[in-house]
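Report on the following structure.
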Amino acid sequence: MIVRTLTLIAGLSGAAVTAQFPEFSQQYAQRLGGAVDELTAVVADFDTSAQASGLTRQEALAQMQGSDFLTRRRADMETTLQRHERLSAAMSALQDAGPFTRAYELRHFSDAEIARRTYDAYKPALPLTFEGAAFAIAGYAGAALIMALLLALLKWPFSRGRQARSGRRAAR
């Protein structure tokens, strides 16, 4: 009875958590789009300044030296350019993806800052969509199976001892 109850609780917990993924991933994708838009503006501004000086992006970065401030600013801009490239690639992969495809493309949910901000603003709710139900069922099945296996492993040493004792009694 306790094993079934624990398995049910684990399954329901898994369902509650995984059912949140479609909405969380949608909100993450929206925040990702906003971040890409802002970084695109910063990159475009830098490229415009470089072109106005007759420089390519790489030449402009190379000229940012000679003082601590310029060296730090160059490093900051290089980080911004790399982040823009990485987030743009993630946005391209997630842009037209539905919730099931977003689950498959989970590796594109890798920006810690966007994930944290999404999590901070996210309010769990009971999803009443097909996708929410599908993720809930998968979460229930996965968590219930894991709990059932863990409990079976915990019971296993005790059931072997009971079988051995009952086997000795039968032999007498």
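Just a few scattered comments:
- Odd one out for residue 64, checked against (1) among the hydrophobic types (A, V, I, L, M, F, W, C); (2) modelled with pLDDT of 95 or more; (3) over 28 Å from residue 29 (Cα atoms): (2)
- Residue within segment 134-155 that is among the aromatic types (Phe, Trp, Tyr), surrounded by 12 or more Cβ atoms within 10 Å (Cβ to Cβ), modelled with pLDDT under 90 and within 19 Å of residue 23 (Cβ to Cβ) present: yes
- A single entry from 33, 11 fulfils the requirement of being touching a residue at least 40 places away in the same chain (Cβ under 8 Å) and assigned by TED's automatic domain parsing to the domain that holds residue 146: 11.
- Which numbered condition residue 55 misses (of (1) farther than 25 Å from residue 131 by Cβ; (2) crowded, with 16+ Cβ neighbours inside 10 Å; (3) not polar (S, T, N, Q)): (2)
- Which listed residue, of 75, 115, is among the aliphatic types (A, V, I, L, M) and under 14 Å from the mean Cα position of the chain (by Cα): 115
The values are calculated or read from the model by the stated rules, or taken from the named source; none is laboratory data. Quick caveat, the model's predicted, so the values are computed rather than measured. When we count neighbours, we look across all protein chains shown, and the Cβ atoms used for this are built from the backbone with ideal geometry, even at glycine.
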